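The structure appears below as structure tokens.
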Amino acid sequence: MSSASIAVESEQLITPRSWFYSVFSFRSVIAALFLVLAVMTVRGRFNDPDLWWHLKTGQVIAQTHHIPQVDTFSYTTGHHHTVPHEWLAQLWIYAAYAAHGYTGLMLWECLMTGAILLAGLYLCTIYSGDIKIAFLGTLSIWAYGSVGYAVRPQLVGYLLLAFELILLHLGRARNPRWLLAIPPLFAIWVNCHGSFWLGLGVLAVTAFVDVTRLRIPGFAPTASQTWSRRWLPWICAATAAALFLNPDGLEQILYPLTIMWHSPVNLGNVQEWRRLALNNGRTWVYIFEIVCFVALVFLRRARLTLDEFIILAYVAFEGFRHERLLFPFGILAAPVFCRLIATVSPSRKEDRQRPGLNAALIAAALVVICVGFPRSRNLTQQVESTSPVRATRFIQQHHLPGPLLNGYDFGGYLIWAAPEYPVFVDGRADIFELTGVLTAYGDWVRAFTPTKQLLDAYHINLCLLDPAAAVVPQIRKLPDWKQVYVDSHAIVFQRVPSAGVQ
């Protein structure tokens, strides 16, 4: 070995000094700041009504070692077949609860949110090559993600979307071996959340543009190497095969499309599936970013690649149609946005290294995280402020007879806290729409249909509703019903025993 090569190798050795500079770098400070942002953002978001039925499903799987494929939580669907398309994420959620109760669930939410932001930061950095530009891109991911931060399987799905983008970029531009991780990623994804279809679309468009070498004037060439054109068709085939590693086969793969195409009531009435509204701050972030994209492309001559244009055009359209889909739009748009900014405004100087200051800032961030993380009492208060905790306890203590008709947002909590009372409806809107229950309930709770009609049709003896529901004044007028409990969050009506059930 020559003295020159020995000298090069000695320069590449990791010394304590180089390790210190690497760990306490400016990038580490930015990462710590986003972890602080994650905790401070979700610390008050322990109130999603769908959390509870996800948690209960995970508990059933953990305790029975069986993935349920029939609805056993409600009495209105007739034990309708269900597709367990989120079972793995639900099991993971229950594992967090089993480890440390509400605190474990909040820790899960903080870790998932932080992981999405850090993955986004890394993604924006490798696209732009500039941590400062990546910081702005990750801020946009955080802003869009505020529509969906909750203890729900969608966080797992969107984290896997960020991982897919990282693997595609590294596999196309650096080493094709990164692409080998994509099929296993989809084998996990298909069992966690329906957003794997969006990931499939990204993979398909990327492979098509690369393999066909399609070139259209006005679009920039892709950064893919020759090897990616040879690998991607095989990766796509392996990914398609990996999707069948699920408990319900083809039905589970197609299920997210079934929901999107055959759930007009759900998509038209649930808030997160509605169009963007101008009184929403995220709408203005969306408009601003679209304007910036147009300005960068047409005024500064920074060009999109064809696959970037196709993917972003689709998710931008869907993000406008459904507010919920702003979350994946942010993840997909941010790295491209950062690349365009870096193209027209490249970094001119290296940041001065200040490891001592960086270490102090990271330590301060850790202190803020520890202080800001909500305590168990706070989490319990959050649950009580949004769920019918006291009303449910009243029903259980007095052994009030069912069947029970509950408010839509109350169904999930009842599934978890009072499984002895099967629910009328809950956040699993798909099976209730397929069985016609969701339409009947929606018309009834808004007082569009005769109040007594639905109560008698299902032989209801008990109602647990939001006091602000339009149907509440109508129930008060019924002679065979009486109010037996009310608080600021819930009201309970009981059929008068002497009147009987018609």
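Would you please name the trypsin sites (Lys or Arg not before Pro) within the stretch 199-238 that are DSSP coil residues with at most 14 other C-beta atoms within 10 Å of their C-beta? Walk me through the intermediate numbers first.
Details: sites: Arg213, Arg215, Arg229, Arg230; in loops: Arg213, Arg215.
Loop-located and lightly packed - Arg213, Arg215.
With the convex hull drawn around the C-alpha atoms of the stretch 45-161, the volume per residue stands at 117 Å³. Against the chain, whose longest principal axis comes from its Cα atoms, helix 355-372 is set at around 0 degrees.
Whole-percent P(r), the stretch 387-499, all Cα pairs, 5 Å bins from 0: 2, 12, 25, 27, 21, 11, 2, 0.
The rule of thumb for compact globular proteins, 2.2 N^0.38 Å, goes into the C-alpha radius of gyration of the chain 1.11 times.
The ellipsoid that matches the Cα gyration tensor of the stretch 223-346 has semi-axes, each √(5λ) in whole angstrom, of 29, 26, 9, with the longest given first. Converting phi to 3J(HN,Hα) with the Karplus coefficients 6.51, -1.76 and 1.60 and the offset θ = phi - 60°, the stretch 305-313 yields 7, 4, 5, 4, 5, 4, 5, 5, 4 Hz in sequence order, with x at every glycine or proline.
Given the -39500 (n - 2.57) contribution per DSSP H run of 4+ residues, what per-residue ellipticity at 222 nm results for the chain, rounded to the nearest 500 deg cm²/dmol? Numbers along the way, then the final one.
Numbers: 23 runs with 313 residues, N = 502.
When only DSSP H runs of four or more count, the value is -20000 deg cm²/dmol.
Among residues other than Phe196 whose Cβ falls under 12 Å from its Cβ, what is the net charge (Lys/Arg +1, Asp/Glu -1)? Don't jump to the answer; show the numbers that get you there.
Numbers: positive: none; negative: Glu86, Glu164.
Surrounding charge for Phe196 is -2.
Among the GluC sites (Glu not before Pro) within the stretch 335-443, those in coil by DSSP and having at most 13 neighbouring Cβ atoms inside 10 Å are Glu350, Glu420. Each other residue within a Cβ distance under 15 Å of Ala334 adds +1 if Lys or Arg and -1 if Asp or Glu, for a net charge of -1.
Tally Lys and Arg at +1 and Asp and Glu at -1 over the other residues with C-beta under 14 Å from the C-beta of Val492: what net charge comes out?
Result for the local shell: +3.
A Cα-only calculation for the stretch 204-289 places Rg and Dmax at 19.3, 48 Å.
Bear in mind these aren't lab numbers, they're just calculated from the coordinates by the rules spelled out. Since the structure is predicted, the reported quantities are computational estimates derived from the model, not experimental observations. Because the Cβ atoms are built from the backbone with ideal geometry, glycine has one as well, and the counts that use them run over all protein chains shown.
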